[in-house]
Amino acid sequence: MFSSPSSSSSSLSLAYFNHHNHHHLSSSYSRTRSPSVRLPARAGVPARAKFDKFADATPGPPVAESQNQQPEEVPEDDEEEEQDSDLPTDLEDAIRQSSRASAAFVSSGGMRAIVELLIPQLQFLDAEGAQAELWSLSRIFLDSFIEETGIERIRAIFPDAGAAALLKYQWKDASFGFSSLSDRKPVQDEDEVVVMIVPDYQMLEYVERIASQLLGDSTCPAVLTVTTTKSLSQIFRPRPLIMWNPRLVSEDVGVGFNVRKLRKYFLSTFTTVYSMRPLPTGAVFRCYPGMWKVFYDDTNRPNRYLLAKEQPSRPDATEIELIFGDVAEESEQPPNLLARAIGMFSSVNRFMKSL
């Protein structure tokens, strides 16, 4: 299982950052591909087990694992029939899945995308090593996206100037450019795709301004202040924007008028190309161009899931409750199990709903 945010050691340690300090490259847009960043392997994990690796979604006793436990063998002929075969096997697999979904969306002409991995260790960043792990995971996404698309002019925009400067120094071999949301000119004319890494609600004004610029809005203040010899068609050409794990709604302020306005006029213009939300007794999942899927625990096989429903739109809390209710009736599961699942979903992820 992945270590929780409260663990003193992160699944990606700061040794990864120190390692990259020894590399040198003069340009932030180097064409040299950085080495693949991999999370540490976990011993004794059954093959194709699912969300037990993502950190605990709900309190409960850990599953005992034998040191001599053999991986579960999955016959090749039966692999396609597994209902949870779409789900990622671990966190790195989820990151790479999300990069493929983003690449497919951009390649199809999509302009505004959201990638969300709503798991505890990426939601609570106050713990020791949590931010370092988050930046490392974003690096996996960026490198994988470049590999999938072949696009070399990628701009990564980080929440603040300090993080952008530090990571630019540490990732000298990166194939993408670095900026922060508060930079005077965070997007360069030659950038082809922009990825915002964990943009938060405190910087919403900057996020909306950059998004308008990338759509080619000539009235955007950030565009009007640019002096350049390039033609207007070059400056105002639309370019894709991907928001990776955005935090544009604060749980502290509640769901008021401003939040509803944000969702209606801004977030509604984005397509959620990847969403992975473990629940105490299941998961909600979407990987573009696939449909939204709701899974529930396979009680006969630990760490495996069965497909409860798939639909073209994101299921809200009420729909999920109804889906789990139908499953509970059919399987005769105790009603308190459903209550626990829905309660956890509503309390922990209330502010993320409908992003």
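Computed quantities for the displayed model
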read-out: Per-residue HN-Hα couplings for region 151-165 [Karplus 6.51, -1.76, 1.60; θ = phi - 60°; Hz; x = Gly/Pro]; value: 6, 9, 9, 9, 10, 9, 10, 9, x, 9, 5, x, 5, 4, 5
read-out: Ranked list, fewest to most other Cβ atoms within 10 Å of each Cβ, for SER107, SER144; value: SER107, SER144
read-out: Region 96-107 - phi-based ³J(HN,Hα) in whole Hz, Karplus 6.51/-1.76/1.60, Gly and Pro as x; value: 5, 4, 5, 5, 5, 5, 5, 5, 5, 5, 5, 5
read-out: Ascending count of other beta-carbon atoms within 10 Å, so fewest first, for ILE95, ILE320; value: ILE320, ILE95
read-out: Least to most buried among TYR265, TYR288 (fewest other Cβ within 10 Å first); value: TYR265, TYR288
read-out: From phi via Karplus (6.51, -1.76, 1.60), per-residue ³J(HN,Hα) for region 278-286 in Hz, x at Gly/Pro; value: x, 10, x, 10, x, 6, 10, 8, 8
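Bear in mind that the values in this text are calculations on the coordinates, not laboratory data. As the structure is a computational prediction, the values presented were derived from the model and not from experiment. Cβ: placed from backbone, ideal geometry, glycine included. Neighbour counts: every protein chain shown.
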